[in-house]
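Heads up, the thing below is written out as structure tokens.
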Amino acid sequence: MPQADGLRARRLEEQRRMLYVVRAELARTAGELKRHEAALVAGVLDVRRASARARKRQSKVYAGAGVEWASPSRCPTALELGNRLSDCGLAVLAAAAGWDGSDLVIAVAIALAESGGQADALSFNPNGTSDEGLWQINSAHGNPMSCTLDPRCNAELAFAIYEADGRSFRSWTTYETGRHLAFLERAKAALTLERPEATWICPVDPPRRLSDDFGAPRYGGGYHPHAGNDIFAPGGTPVRAPFAGVAVEAPSELGGLGVRVEGAPGYVYNAHLSRYEALGPVTAGAIIGYVGNSGNAATTAPHDHFEWHPDYGEAVDPYTHLLAAC
Ligand SMILES: [Zn+2]
């Protein structure tokens, strides 16, 4: 073999080896990229899932706080203003369809976000389907329009979809995108419209100052959220039964001299009194004691710690009642 041929052969061999190395390196890099890509996609999905979970948790917590569903039967479900339903009527329909608790608030918020309470709301999608009525039921579900545009029927269809989805709202894009969050406050208001607040008598005579402090952190006797509103007034100011019932002595270490008034709508509890007045059966407005700072309020200004327990259950925020009555 001539020397030139030998040289060429060696160079060729060398180039082949280089090519092999480059190819191997390329393959390794591509594999690494793929692995990174997979991790990246998984990471993005994780973040999306976490943020969806957080959004749902937030709306649950928010919607569940202080919700009181007193008397749905007193809310009109009739259509008003053309084909628009009142917020309260929307709430009644949602409750009648089967929702309760924080999901009831969310369901009402979704309807407000989807249709604004317009019973005949219709929107057409690019894929040929339409979203119909209060909860914008998609026509793909195969319900006749005579039903989807009927408020009661629409509520029942919406609840059936929620049930079929494992009691979740995932079929509603307003929920998935969080658009319903802006309507939670309104939904909550709709659910509390019918509270008997106008019938209360202010539990503390003037001069007084209401505090909107339900749920505020308290540390006396261990951390707990404040279960009522503090009504500040000079010591000795009369404390009255907000409704007719039975005034029952309820003293405790933290609350000092306390009185419960047990009536038809539930009971209220007043704490830190300086002394008792009438106990036993009382009419609305009867003086049951006087503002003081007994119990753990010894170092704070005299006030009536006022709790509201509708239907003898957990304490709920009495602030709207107090605002209306005082
Ligand atoms: Zn208090």
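The values are calculated or read from the model by the stated rules, or taken from the named source; none is laboratory data. Keep in mind it's a predicted model, so treat the numbers as computed, not measured. Neighbour counts are summed over all protein chains in view; Cβ atoms, including those assigned to glycine, are modelled from backbone coordinates with ideal geometry. Calculation scope for accessible area: heavy atoms of the full protein, side chains included, ligands and nucleic acids excluded. Shrake-Rupley method; radii C 1.70, N 1.55, O 1.52, S 1.80 Å.
The figures follow:
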item	result
Separation between Cα centres of the stretch 206-243 and the stretch 132-180, rounded to whole Å	43 Å
Descending Cα extents along the principal axes, the stretch 173-326, whole Å	57, 34, 28
Ranked order, Lys188, Lys34 - accessible area, probe 1.4 Å, largest first	Lys34, Lys188
Distance between the stretch 269-297 and the stretch 96-115 - C-alpha centres, whole angstrom	40 Å
Cleavage-rule hits (chymotrypsin sites (Phe, Trp or Tyr not before Pro)) in the stretch 211-278: DSSP loop, at most 13 neighbouring Cβ within 10 angstrom	Tyr219, Tyr223
Environment charge of Gly245, counting only residues whose C-beta is closer than 11 Å and scoring Lys/Arg +1, Asp/Glu -1	0
Estimated dipole of the stretch 197-325 in Debye, rounded to 20 [Cβ of Lys and Arg +1, of Asp and Glu -1, Cα centre]	320 debye
Reference-scaled alpha-carbon Rg (2.2 N^0.38 Å with N residues) for the stretch 72-194	0.96
Per DSSP, loop GluC sites (Glu not before Pro) in the stretch 205-272 with at most 14 further Cβ within 10 Å	Glu253
By accessible area with a 1.4 Å probe, ligands and nucleic acids excluded, highest first: order of Asp212, Asp304	Asp212, Asp304
Exposure rank, largest accessible area first [Thr177, Thr29; 1.4 Å]	Thr177, Thr29
